[in-house]
Amino acid sequence: MKKALHGACLALILALTLILPYRVFIGPIDWGALLGGGLDGVSSASVILDAPSGEYVVLLNAALHEKKGTVQDWTDFFHGESPLIMEDIRCLAARQDAGGVEMALSYQSRLPENQMKLAVVDGTLMLSRADEGLFDVVVMSKEFAEAFGAESARSAGAALLEISGAEAEAIES
């Protein structure tokens, strides 16, 4: 009886010493997460950014990705689906196009870490690279594309994908 009482006293002292200060100074304890429920470190490591509303243009270097056989996968990805793509991609967005940069960041957040390298560059430089076919993906708002004549990059083997506001909202969910 003395050993059981002694063990119970030790357990109570240990609980008061460890749990009570944590509860008072840090907050409630999430026992479900501590016991194996909830999200793990990998699935909660990144936050998917909401896609901005509006209309966007994505230039995909089809000639480059045709060799790798991933044109349709990337096309599906930019239209809001989630195919499994096992290649890295470099995305260009114009510094002057806040909507395009925001949409590119949203796309980047949907991919595993470091799969999409985003370079925010001058709009003229970005479109001259697109004209020469020196890009993987270019993301820009429709207004920016119309103002700078992004359709000219089609001759360089680029696939021009138009993403409407409804598709951009589908990316959010």
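The values are calculated or read from the model by the stated rules, or taken from the named source; none is laboratory data. As the structure is a prediction and not an experimental result, all values here were calculated from the model. Cβ placement follows ideal geometry from the backbone for every residue including glycine, while neighbour counts extend to all protein chains displayed.
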Whether any residue in the range 88-102 is at pLDDT 80 or above and touching a Pro at 6+ places or on another chain (Cβ under 8 Å) is what I want to check.
yes
Within the range 132-150, restricting attention to residues that are assigned to a helix (DSSP H, G or I) and surrounded by fewer than 16 Cβ atoms within 10 Å (Cβ to Cβ), which residue is modelled with the lowest pLDDT?
Glu132
Given (1) modelled with pLDDT of 85 or more; (2) farther than 19 Å from Gly54 by Cα; (3) outside any helix (DSSP H, G or I), number of the condition Trp74 does not satisfy
(3)
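Assess whether Gly32 counts as being more than 19 Å from Glu113 (Cα to Cα), loosely packed, with under 10 Cβ neighbours inside 10 Å and modelled with pLDDT under 60.
yes
How about the range 104-125: which of its residues are outside any loop (DSSP other than H, G, I, E, B) and closer than 24 Å to Glu66 by Cα?
First, pick out the residues of the range 104-125 that are outside any loop (DSSP other than H, G, I, E, B): 104-110, 116-121, 123-125.
If the condition is that a residue be outside any loop (DSSP other than H, G, I, E, B) and closer than 24 Å to Glu66 by Cα, then Ala104, Tyr107, Gln108, Arg110, Met116, Lys117, Leu118, Ala119 are the ones that fit.
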